[in-house]
Amino acid sequence: LNTTGPTLTVDTACSSALVALHLACESLRSGECETAVAGAVALMATPHTHLTLSRAGMLSPTGRCRAFDNGGDGFVPGEGVGAVVLKRLDRALADGDRIDGVIRASAINQDGRTSSLTAPSAPSQTRLLSELYAKAGIDPASISYIEAHGTGTKLGDPIEAAALTDAFAGKLPPGWRGSIGSVKSMIGHAMEAAGMAALVKTLLMLRAGRL
């Protein structure tokens, strides 16, 4: 493509795709580039990853990802590739581009010390969401859908649900209703590409106008 702007390879495990997306957005916001491509790929060319996850007890013995389901017993690794083209909204409008969605804000952080890879920090997740909404001027009551990580594990999903509950606590009006979902229930956990799969699913939902 003869691109000349910042070019980065990002590996932050399961968050790789969304970290790459955030960095691309930051480059656009700072004026480092005018157009960015953020993408991710997950391939399992050898059995190593599957064997490692199996030994760690992270895989579903029934072969299904059941996100936020009481029957969730682990996840299924998946392969995938996806990419999005990003521009500042004013530039996309001026260029007459088809716009599938608008990223109003993004942020990243690190959990700090936790007991294991499968036990993320709920306080860190809560703090990230709360700070992002406040900084971007996003009213939590205006959010009607959340595409979650939702791996389908008995440990990880409740932690994520607790983090979301705390982030929204005291900020929602009586009778507020919202939905939560995870693409992993349909295609498995696409590892480094998981976040891109989640983003593409959300964009397709917006285009179709339905959950």
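Listed values, structure above:
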{"item": "Under the span-like rule (Cα at least 15 Å along the axis, Kyte-Doolittle mean at least 0.5), DSSP H helices of the chain", "result": "16-30, 194-208"}
{"item": "Filtered trypsin sites (Lys or Arg not before Pro), region 159-211: DSSP coil and at most 11 other beta carbons within 10 Å", "result": "R177, R210"}
{"item": "Rg to Rh, two decimals, where the chain supplies the alpha carbon set and Rh follows Kirkwood", "result": "0.96"}
{"item": "Cα centroid of region 67-102 to Cα centroid of region 7-65, whole Å", "result": "12 Å"}
{"item": "Sorted peptide list for 111-117, 1-7, 78-84, criterion being average Cβ within 10 angstrom, highest first", "result": "78-84, 111-117, 1-7"}
{"item": "Relative frequency of Cα-Cα separations exceeding 16 Å in region 1-97, percent", "result": "68 percent"}
{"item": "Cβ-defined net charge surrounding P120, 10 Å radius [Lys, Arg +1; Asp, Glu -1]", "result": "-2"}
{"item": "Alpha carbon Rg of region 141-199, scaled by the compact-globule rule 2.2 N^0.38 Å", "result": "1.23"}
{"item": "Convex hull volume per residue in cubic angstrom - Cα atoms of region 113-174", "result": "96 Å³"}
{"item": "Choice from D95, D73, D157 with maximal GNM fluctuation in the chain (Cα, 10 Å cutoff)", "result": "D95"}
{"item": "Alpha-carbon radius of gyration plus Dmax, which is the widest Cα pair, for region 2-51 in Å", "result": "13.7, 43"}
{"item": "Sequence-distant aspartates and glutamates (8 or more away, or on other chains) whose Cα lies within less than 16 Å of K135", "result": "E26"}
{"item": "23 Å tail of the calculated P(r), region 72-188, as % of Cα pairs", "result": "45 percent"}
{"item": "Cα convex hull of region 170-211 - mean projected area over all directions, nm²", "result": "4.3 nm²"}
{"item": "All aspartates and glutamates inside 16 Å of K154 as judged from Cα atoms, apart from same-chain residues fewer than 8 positions distant", "result": "D69, D73"}
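No value in this document is a laboratory result; all are computed from the given coordinates. These figures come from a predicted structure and were not determined experimentally. Ideal geometry is used to build each Cβ from the backbone, glycine not excepted, and the neighbour counts take in all protein chains shown.
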